[in-house]
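The values are calculated or read from the model by the stated rules, or taken from the named source; none is laboratory data. Predicted model only: the values in this text are computed from it and were never measured. Glycine also receives a Cβ, built like all others from the backbone with ideal geometry; neighbour counts cover every protein chain displayed. These area figures cover heavy atoms from the full protein model, side chains too; ligands, DNA and RNA do not enter into them. Shrake-Rupley method; radii C 1.70, N 1.55, O 1.52, S 1.80 Å.
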Amino acid sequence: MLDPQVAALLEKASRSPLPPYYDVPPAVARRLYRDTRGALTPDPPAVESVQLLLVPGAAGPVPVRAYRPKGAKAEEVLPALVYFHGGGWVIGDLDTHDVVCRTLANGARCAVFSVEYRKAPEAPFPAAVEDCFSSLNFISRNSSSLKIDAKQIAVGGDSAGGNLATVIALTARDAGGPPLSFQLLIYPGTDQRMGHPSIDRNGDGYLLTKKSMAYFRGHYLPREEDWLDWRASPLLARSLAKLPPAFVMTAGFDPLLDEGRAYAERLKKEGVPAEYREYSGMVHGFITMGRALDTANAALADCAQSLRRAWGMA
């Protein structure tokens, strides 16, 4: 059953005069996303510090916003979460996910590094993958100066960012990247073929639509043959064995529900400890909507708790 707060939100959205993302150019879609998300996002919680890092990347510096949790001492060594924001690889930025990162930093008492990877269509696949992996490597190599524990680095993200987190975990496993302690996968996109039943079942009327998904995919993956590349569709990777433990969360009225669940099931089948949780009354993107949805705040608390357990802090 649809959560009553979600139903009220959808009713309001249905009356909006704003155009859907797929009817406007990416630059306009980015502005629409920023403006509409702000009204749903809680006030930013205070943290101890926020710093902008410029990480060397394949095509130039990658901006990374570094958070330390409230109360952390300057010399205190903390576990770390490298976070990739959602937005279909086209929209979203450091600011749209600022509250999420602050909340996770305080809730898990960890450093959070939010990566501003290049976006499509200006920089299509695999640009985002390259920037995210470069950022992870930089953070790991500089763990001492960043005051983080190199043995307790997790990756995480929501939606497109959840997709990138799965891909970066696979890349780190196969390309001699830093050893990772955990994956925090929030309604991740894992299969670019768009063939799962939930895409049709939930693909209209629940904020993220099938048309918008095709719009995002068209910009990020303009070459159809890339849909089957595991760096775009990690559910199609040959093996998921020997990946770090994961917490995979989905939303019951999300087009991505089935592929998120399928990824969690494959992780478990291949020997990876994976906790799966479906927030049955929610829609895609809900974790950023804590001003309107109580479950958004509860879900972020669950995410923070999963990180604390992974790091032996629970």
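Give the range 101-124 a look and list any residue that's within 17 Å of Gln152 (Cβ to Cβ), open to solvent by 10 Å² or more (accessible area, probe 1.4 Å) and assigned to a loop (DSSP other than H, G, I, E, B), or say none.
Arg109
When you scan the range 72-85, how many residues do you find that are of a type in the set (A, V, I, L, M), surrounded by fewer than 20 Cβ atoms within 10 Å (Cβ to Cβ) and closer than 26 Å to Phe133 by Cα?
Qualifying residue count, the range 72-85: 1.
Among the candidates Ala127, Ala80, Ala150, which residue alone is over 17 Å from the mean Cα position of the chain (by Cα), more than 21 Å from Gly285 (Cα to Cα) and hydrophobic (A, V, I, L, M, F, W, C)?
Sole residue among the options that is over 17 Å from the mean Cα position of the chain (by Cα), more than 21 Å from Gly285 (Cα to Cα) and hydrophobic (A, V, I, L, M, F, W, C): Ala150.
Between residues in the range 200-211 that are among the small types (Gly, Ala, Ser) and residues that are open to solvent by less than 20 Å² (accessible area, probe 1.4 Å), which pairs lie under 8 Å by C-beta distance while being six or more apart or on different chains?
The qualifying pairs are Gly203/Pro255.
Quick check on Pro69: is it more than 21 Å from Gln183 (Cβ to Cβ), buried (at least 19 other Cβ atoms within 10 Å of the Cβ) and modelled with pLDDT of 95 or more?
no
Just to verify a result, which residue in the range 136-189, among those that are of a type in the set (Asp, Glu) and closer than 20 Å to Pro69 by Cβ, is surrounded by the fewest Cβ atoms within 10 Å (Cβ to Cβ)?
Selected residue: Asp149.
Based on what the data block shows, is Lys119 free of Cβ contacts under 8 Å to residues at least 40 places away in the same chain and more than 13 Å from Ile148 (Cβ to Cβ)?
Spelling it out, it is not the case that Lys119 is free of Cβ contacts under 8 Å to residues at least 40 places away in the same chain and more than 13 Å from Ile148 (Cβ to Cβ).
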